[in-house]
Amino acid sequence: MSVSLTPSAVRHVKKSLAKRGSGIGLRLAVKTSGCNGFAYALEFVDSANPEDECFDSLGVTVVVDPRSLGMLDGTELDFVREGLNEGFKFNNPNAKANCGCGESFAV
């Protein structure tokens with residue numbers, strides 16, 4: 001089981017954590033929502049819960065709760081700029097379908 005960040009995502013997270021002034025990393029989770037059934041949830045995290053799985057990705061801690069881990073295993077999180085837009089892009093091998101906005105998926 002693993003979740004990883006690209007170098008671009010690592011730079012963005014480290015910059016954001018420094019600006020925020022605290023935090024150990026990024027929490028990645030799945031919630032029921034969106035046009036395909038599930039949506040990704042991201043937040044900066046100050047501490048992990050005892051049941052969480054923690055992954056080190058190029059010096060950034062990625063925290064995933066046990067309920068989300070099965071749907072996120074193998075996911076690579078990238079930070080991309082496309083024209084005037086920028087944001088996280090999820091490369092999830094478990095997703096069978098994605099919506100046009102890239103924010104929701106089906107497994």
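The values are calculated or read from the model by the stated rules, or taken from the named source; none is laboratory data. The shown structure was predicted, so the numbers you read here are calculated from the model rather than taken from an experiment. Backbone-built Cβ (ideal geometry, glycine too); neighbour counts: all protein chains shown.
Annotations
- Tally of residues being of a type in the set (S, T, N, Q) and in contact (Cβ under 8 Å) with a residue 24 or more places away in the chain across the range 72-93: 1
- Taking the range 23-71 as the region of interest, the strands (runs of 3 or more DSSP E) fully inside it that hold 2 or more residues being out of contact with any Gly (no Cβ under 9 Å at 6 or more places or on another chain) and free of Cβ contacts under 8 Å to residues at least 24 places away in the same chain are 25-32, 38-45.
- Residue list for the range 5-23, restricted to those being within 17 Å of A48 (Cβ to Cβ) and either buried (at least 16 other Cβ atoms within 10 Å of the Cβ) or among the acidic types (D, E) (or both): L5, V13, L17, G23
- Residue within the range 87-107 that is modelled with pLDDT under 95, surrounded by fewer than 12 Cβ atoms within 10 Å (Cβ to Cβ) and charged (D, E, K, R) present: yes
- When the range 48-73 is limited to residues that are polar (S, T, N, Q) and more than 18 Å from V10 (Cα to Cα), the one that is surrounded by the fewest Cβ atoms within 10 Å (Cβ to Cβ) turns out to be N49.
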